[in-house]
Every structure is written in structure tokens, then in C-alpha cells.
Amino acid sequence: MHKINIVYINPAGDIGGAERSLLGILKHLDLNIFTPYVLIPRNGALVDELKKLNINFLIIEPPALILTLG
């Protein structure tokens with residue numbers, strides 16, 4: 001069976017309400033069907049939690065202009 005890739009793009013490396021929701025989704029995601037990936041802008045507490053869940057993640061520094069928009 002072919003797994004379905006899912007990419008989550010998160011704007012923070014720390015944990016707030018949105019990140020708690022994301023972690024809840026990832027904890028209950030059927031990894032036999034889905035392969036999740038999380039893109040985050042910087043290292044932080046979210047990385048630690050993703051490692052605990054054995055979830056693939058990639059830290060990608062956004063362009064400086066995007067950082068000024070939030």
C-alpha cells in the first residue's frame with residue numbers, strides 16, 4: 001500500500017496553542033497510511049516533541065521579509 005505524504009507548515013519553533021493541536025493530530029495519525037512532515041522556521045521545543053513522536057521535520061529559515069509580516 002502506498003502511503004500518503006502530508007506536509008504541515010508551522011510558523012513557530014516553540015509550542016503554543018496551534019502547536020499543541022498539531023501535536024495532537026500527529027499523535028493520532030495512522031502512520032501505516034500517512035507519512036507526515038513538518039516544516040518549521042527555527043529550532044525550539046516543537047522539535048523536541050516531534051523527535052519524541054518520531055515525526056519527520058525540516059527547519060527552513062524563511063526569507064527575512066516574511067518574518068516581518070507576523
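Some points to look at:
- Against the test of being in contact with an Asp or Glu (Cβ under 8 Å, 6 or more places away or on another chain) and either in contact (Cβ under 8 Å) with a residue 40 or more places away in the chain or surrounded by 14 or more Cβ atoms within 10 Å (Cβ to Cβ) (or both), the options LEU50, LEU46, LEU22 yield a single qualifying residue, LEU46.
- None of LEU46, LEU50 is among the hydrophobic types (A, V, I, L, M, F, W, C), at pLDDT 95 or above and in contact with a Gly (Cβ under 8 Å, 6 or more places away or on another chain) except LEU46.
- Boolean, TYR8 is touching a helix residue (DSSP H, G or I) at 6+ places or on another chain (Cβ under 8 Å), surrounded by 10 or more Cβ atoms within 10 Å (Cβ to Cβ) and modelled with pLDDT of 95 or more: yes
- PRO36 being assigned to a loop (DSSP other than H, G, I, E, B), within 11 Å of the chain's Cα centre (by Cα) and of a type outside the set (A, V, I, L, M, F, W, C): no
- Meets criteria (touching a Gly at 6+ places or on another chain (Cβ under 6 Å) and either part of a helix (DSSP H, G or I) or open to solvent by 80 Å² or more (accessible area, probe 1.4 Å) (or both)) for ASP14: yes
- Enumeration of residues in the range 53-70 that are surrounded by fewer than 12 Cβ atoms within 10 Å (Cβ to Cβ), in a loop (DSSP other than H, G, I, E, B) and either modelled with pLDDT of 95 or more or in contact with a strand residue (DSSP E or B) (Cβ under 6 Å, 6 or more places away or on another chain) (or both): ASN54, ILE60
The values are calculated or read from the model by the stated rules, or taken from the named source; none is laboratory data. Being a predicted model, the structure only gives us computed values, none of them experimental. Ideal geometry is used to build each Cβ from the backbone, glycine not excepted, and the neighbour counts take in all protein chains shown. For the accessible areas, the whole protein counts, side chains as well, though only heavy atoms, and no ligand, DNA or RNA atoms are used. Shrake-Rupley method; radii C 1.70, N 1.55, O 1.52, S 1.80 Å.
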